[in-house]
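Quick notes on the structure that follows.
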Amino acid sequence: MTPAIQITGIHKQYGSLHALKGVDLTIHHGDFFALLGPNGAGKSTLINILAGLVKPSAGSISVMGFDVVKQYQQARQLLGIVPQELVFDPFFNVREMLRFQAGYFGRGPENDAWVDEVLEGLGLADKAKTNMRQLSGGMKRRALIAQALAHKPPVIILDEPTAGVDVELRQMLWEFIKKLNREGHTIVLTTHYLEEAETLCSRVGLMKQGKIIALDSTANLLNKFAGKSLRLTLGGVTLPASIEPMLRNQESGIFTFALQDMTQIEFVLSVLREANIKVQDMQLNEADLEDVFLSLVGKQS
Amino acid sequence: MITKLKHMVFLKMGQAMQAAGLRGFWTLLKKELLRFWRVVFQTVAAPVITALLYLLIFSHVLAGRVEVYDGIAYTAFLIPGLIMMSILQNAFANSSSSLIQSKVMGNIVFVLLTPLTHLQFFAAFLIASIIRGFVVGFGIYLVAMWFVDLSLANPWLIVAFAILGSALLGTFGIIAGIWADRFDQIAAFQNFIIMPLSFLSGVFYSIHSLPPFWQKVSHLNPFFYMIDGFRYGFFGKSDVSPVVSLSIVGLSFLVLVFITLKMLKSGYKLRS
């Protein structure tokens, strides 16, 4: 089956700046995919190439088999992209904007029921006749998301959709997006909120300096890179060499160890006991994507 | 059999794409029309009033002092020029201001993300500009009818020059709107190109009244041919033959269309 998005050897050069250095990535139908990475990693450039806003220097991207450059009409028809910038058209109200947006994609009055569903799902129903200018920041963000969904695209790309958005909207938004994902829409999101990616996404790609440095299911990534973390308050001591490799972080007497599995707790504690180091406090944490993120991004910098 | 089926599927898809494309184009045109209609006081009433002020002041000051065509009152002579000047300025303003606003606000992205082709994009902005020019021009004509009884020697030529003139300036507005990054650059276009060319095109005088050197210079001004040909449609008299004017205006339009389509196709300043 053709993948929802196939990215092959994408390079992008802006003068001397090599923003993307050969990105390969396959996103399957029905995936809920998170594209993560620090600022300047190239996530938005990659999404802009996918959207046709930026031309790649080399490589190709196809959406459900349609090349985004050569068959841009078919490719764009399948894509719904939420831009990162909070942009709006001050001349029109929310419903008008959604109708226009659907119209650009060839959808007519038969699409109105879907527009209503989007308005309802994003909590915009009572703002349908409000001019875009008069909406609050959070409401503008919802309208921006609604616009991307107006033509009911099978592949939905959300570039930082929850930046500066309150908790209520975030929950509402994710409920709606999860529902779309259950109905078969492929979802790709970039976000700075790693816990969002962790709870929502089945697969994660991590970008750094224009490359994908990790790509796996969320569960695998968590297991592979982070496992569990053990925080011990030990005071100003020198660690025995045997547990030194497990140390990830040390800050004013608090030592954080990365554990692959639970049996290592016993090992750490026994080594400390033999070295006569007293444990003042102990905390065991489940690893999260932030740990993965830090260990990967930190490791290679 | 399978190739035939495949062929049919692609044909169906092609037809659907075409229908969708037509609706896409129509939607963009509708949006562009609504955009200026929502602020009709600014986009239509204001230029009509400006033209009316020119008419009142210039006809009062210059009637009897400026030599125009035999048997045609100065006020009557002035009106077609004012109508055409307003058509041209407003056609330019429509496409250029819409594009620069969308670019500065960032909402141009809503159109760039769609399957609309560069031809559809061009056609929607072009036709909206022509319609804006017509609405303003017709508004001035309606008001001017109160003052002067205008003859209509050749209505088809009037319409032809109005369409070609507004199309030319609408296209020029698209070029300016795509090229400019800021509002003041559009204002510079208006103040340093559109205004001088339209004021020096023979709106307020017949270029036959000018010294030979300035007559020659006027012949280099494309606006002159639009005004002169448009005026011929009303009086059946002009400084140069309307066929020459129509050809020059038509040719200039084609050159600008070529440049604009090149810009749009390459994604100049719109897609990086």
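The values are calculated or read from the model by the stated rules, or taken from the named source; none is laboratory data. These numbers come from a predicted model, not from an experiment. Because the Cβ atoms are built from the backbone with ideal geometry, glycine has one as well, and the counts that use them run over all protein chains shown.
A compact table of results
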item	result
Some residue of segment B:170-177 being part of a helix (DSSP H, G or I), at negative phi and at pLDDT below 90	no
Subset of segment A:113-137 (residues that are within 14 Å of chain B (Cβ to nearest Cβ), in a helix (DSSP H, G or I) and surrounded by 14 or more Cβ atoms within 10 Å (Cβ to Cβ))	A:115, A:132
Yes/no for residue B:210 being within 30 Å of residue A:73 (Cα to Cα) and either more than 14 Å from chain A (Cβ to nearest Cβ) or surrounded by 14 or more Cβ atoms within 10 Å (Cβ to Cβ) (or both)	no
Where a residue in segment A:162-183 is aliphatic (A, V, I, L, M) and its partner, wherever it lies, is surrounded by fewer than 18 Cβ atoms within 10 Å (Cβ to Cβ), with Cβ under 7 Å and at least six apart	A:163/A:192; A:165/A:138; A:169/A:138; A:172/A:123
Hits in segment A:43-80 (condition: of a type in the set (A, V, I, L, M) and within 12 Å of chain B (Cβ to nearest Cβ))	A:47, A:49, A:50, A:51, A:53, A:54, A:63, A:68, A:69, A:75, A:78, A:79
Qualifying positions in segment A:38-60 - surrounded by 15 or more Cβ atoms within 10 Å (Cβ to Cβ), at positive phi and out of contact with any Ser or Thr (no Cβ under 8 Å at 6 or more places or on another chain)	A:42, A:52
Segment A:238-255, residues that are surrounded by fewer than 13 Cβ atoms within 10 Å (Cβ to Cβ) and aromatic (Phe, Trp, Tyr)	none
Filter result for residue B:130 (of a type outside the set (Gly, Ala, Ser), free of Cβ contacts under 8 Å to residues at least 60 places away in the same chain and more than 10 Å from every other protein chain (Cβ to nearest Cβ))	yes
Selection within segment B:214-251 - surrounded by fewer than 21 Cβ atoms within 10 Å (Cβ to Cβ) and within 16 Å of residue B:151 (Cα to Cα)	B:235, B:236, B:237
Test: residue in segment A:200-216 that is touching a residue at least 12 places away in the same chain (Cβ under 8 Å), surrounded by 13 or more Cβ atoms within 10 Å (Cβ to Cβ), in the same structural domain as residue A:57 (by TED's automatic domain parsing) and among the polar types (S, T, N, Q)	yes
Segment A:92-103, subset touching a residue at least 24 places away in the same chain (Cβ under 8 Å) and either crowded, with 23+ Cβ neighbours inside 10 Å or within 7 Å of chain B (Cβ to nearest Cβ) (or both), residue farthest from residue A:161 (Cα to Cα)	A:102
Pairs, first in contact (Cβ under 8 Å) with a residue 24 or more places away in the chain in segment B:231-247, second of a type in the set (Val, Ile, Thr) and not in a helix (DSSP H, G or I), C-beta under 6 Å, six or more apart	B:235/B:72
Residue B:66 being on the phi < 0 side of the Ramachandran plot and either within 14 Å of chain A (Cβ to nearest Cβ) or free of Cβ contacts under 8 Å to residues at least 60 places away in the same chain (or both)	no
